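Q: Can you keep this structure in mind? I'll have questions shortly.
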Amino acid sequence: MIVLLIISVLLVSLLVYMFNQWSRNRMPSKKKRGRVLWEIQEDMNTWSNDLVKMNREELDLFSLTQDKQVVKRGTGTTAKGTFTTIFHEPVVSYSYRRYLGKQVNELLYARTAEHDYVYWTEKGKTSLEIDGQPVGTITNNTLLGARSGKELARIENTARENYLPVSVGNREVGALSTLPTTTGDPLSQRAFEFIPDDLNDKEEQLLISLTVRELVGRSVG
């Protein structure tokens with residue numbers, strides 16, 4: 001009798017644990033997403049401080065190197081880290097969660113010294129917000145405007161030598177390296193080639209929004 005009671009308690013505990021794991025790793029409803037995002041932001045406040053303000057010079061120095069990178073895999077996948085310049089100045093922090101589902105369900109939150117980027121992907125479709133404002137949807141590395149439905153920015157899918165061209169509107173604003181990150185010579189691990197001298201704030205934000213998502217995707221697999 002005691003043995004059966006113990007077995008029953010263990011089975012109930014296992015079922016509760018499995019239900020909690022499933023609940024924690026399923027895509028949150030739209031009503032709960034604000035709370036989930038707030039929790040991620042509060043957590044990031046504890047480990048990501050003193051980000052260096054992004055400008056034309058920092059973009060030139062932006063590297064493939066990450067500081068404080070942690071990737072955890074299990075029922076779902078979580079990751080966080082901070083991209084730095086080639087001189088190890090922190091410029092972009094991010095937190096990532098992948099949820100259960102046959103199609104891609106995930107949340108990516110990224111932060112610079114001045115802007116916040118939120119990407120919700122549900123059933124393979126990604127919406128982008130910058131500083132709390134809806135910008136559009138990302139499909140196949142192409143960002144379409146939320147209101148116009150027209151292309152705002154894109155990362156080309158075909159590499160030019162070792163770089164993927166990035167354009168905003170009809171203008172090429174950079175080229176993202178396709179080379180793998182190495183530890184041998186961190187000063188050579190620049191993420192971008194060709195950043196225009198007259199890059200404006202809108203172009204910078206859209207460039208960062210697409211390339212950070214691409215780089216985090218490479219990190220988490």
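Q: Across the range 17-44, which residue is farthest from Glu106 (Cα to Cα) among those that are modelled with pLDDT under 95 and of a type in the set (S, T, N, Q)?
A: Asn20
Q: While we're looking at this one, here's another question. Checking the conditions here, which among Gly169, Gly149, Gly136 is more than 21 Å from Glu39 (Cα to Cα), out of contact with any Pro (no Cβ under 7 Å at 6 or more places or on another chain), surrounded by fewer than 13 Cβ atoms within 10 Å (Cβ to Cβ) and not acidic (Asp, Glu)? Lay out the reasoning, then the answer.
A: Working: Gly169 fails: surrounded by fewer than 13 Cβ atoms within 10 Å (Cβ to Cβ); Gly136 fails: surrounded by fewer than 13 Cβ atoms within 10 Å (Cβ to Cβ).
Being more than 21 Å from Glu39 (Cα to Cα), out of contact with any Pro (no Cβ under 7 Å at 6 or more places or on another chain), surrounded by fewer than 13 Cβ atoms within 10 Å (Cβ to Cβ) and not acidic (Asp, Glu) holds for just one of Gly169, Gly149, Gly136, which is Gly149.
Q: Restricted to the range 48-99, and to residues that are charged (D, E, K, R) and farther than 21 Å from Phe194 by Cα, which residue is surrounded by the most Cβ atoms within 10 Å (Cβ to Cβ)?
A: The first filter runs over the range 48-99 and keeps only residues charged (D, E, K, R), leaving 50, 53, 56-58, 60, 67-68, 72-73, 80, 89, 97-98.
Filter again for farther than 21 Å from Phe194 by Cα, leaving 50, 67-68, 72-73, 80, 97-98.
Details: Asp50: 7, Asp67: 13, Lys68: 12, Lys72: 9, Arg73: 11, Lys80: 23, Arg97: 21, Arg98: 21.
Here the residue is Lys80.
Q: Another question, if that's okay. Give the residue, chosen from Leu144, Leu176, that is without any contact (Cβ under 8 Å) to a residue 12 or more places away in the chain, aliphatic (A, V, I, L, M) and surrounded by 14 or more Cβ atoms within 10 Å (Cβ to Cβ). Before the answer, list the steps.
A: Values: Leu176 fails: without any contact (Cβ under 8 Å) to a residue 12 or more places away in the chain.
Testing whether each residue is without any contact (Cβ under 8 Å) to a residue 12 or more places away in the chain, aliphatic (A, V, I, L, M) and surrounded by 14 or more Cβ atoms within 10 Å (Cβ to Cβ) leaves just Leu144.
Q: If you don't mind, another one. Among the candidates Ala153, Ala110, Ala146, which residue alone is under 23 Å from Val173 (Cβ atoms), among the small types (Gly, Ala, Ser) and under 15 Å from the mean Cα position of the chain (by Cα)? Steps first, please.
A: Working: Ala153 fails: under 15 Å from the mean Cα position of the chain (by Cα); Ala146 fails: under 15 Å from the mean Cα position of the chain (by Cα).
When all the criteria are applied, what remains is Ala110.
Q: Scan the range 100-131 for residues that are surrounded by fewer than 20 Cβ atoms within 10 Å (Cβ to Cβ), modelled with pLDDT of 95 or more and within 16 Å of Gly34 (Cβ to Cβ) and jot them down.
A: Within the range 100-131, Asp116, Ser127, Glu129, Asp131 meet the criteria.
Q: How many residues does the range 79-88 hold that are under 11 Å from the mean Cα position of the chain (by Cα) and of a type in the set (S, T, N, Q)?
A: 1
Q: Could I ask something else about it? Among the residues of the range 34-87, write down those that are closer than 23 Å to Leu100 by Cβ, free of Cβ contacts under 8 Å to residues at least 40 places away in the same chain and of a type in the set (Val, Ile, Thr).
A: Listed by number, the residues that qualify are Val70, Thr78.
Q: Can you work out which of the residues in the range 181-219 that are within 29 Å of Gly132 (Cα to Cα) and among the hydroxyl-bearing types (Ser, Thr, Tyr) is modelled with the lowest pLDDT? If you could, list the steps in order and put the result at the bottom.
A: Within the range 181-219, the first condition is being within 29 Å of Gly132 (Cα to Cα), and the residues that meet it are 191-192, 195-219.
Restricting the remaining residues to those that are among the hydroxyl-bearing types (Ser, Thr, Tyr) gives 209, 211, 219.
Values: Ser209: 97, Thr211: 96, Ser219: 90.
Ranking the candidates gives Ser219 first.
The values are calculated or read from the model by the stated rules, or taken from the named source; none is laboratory data. The shown structure was predicted, so the numbers you read here are calculated from the model rather than taken from an experiment. When we count neighbours, we look across all protein chains shown, and the Cβ atoms used for this are built from the backbone with ideal geometry, even at glycine.
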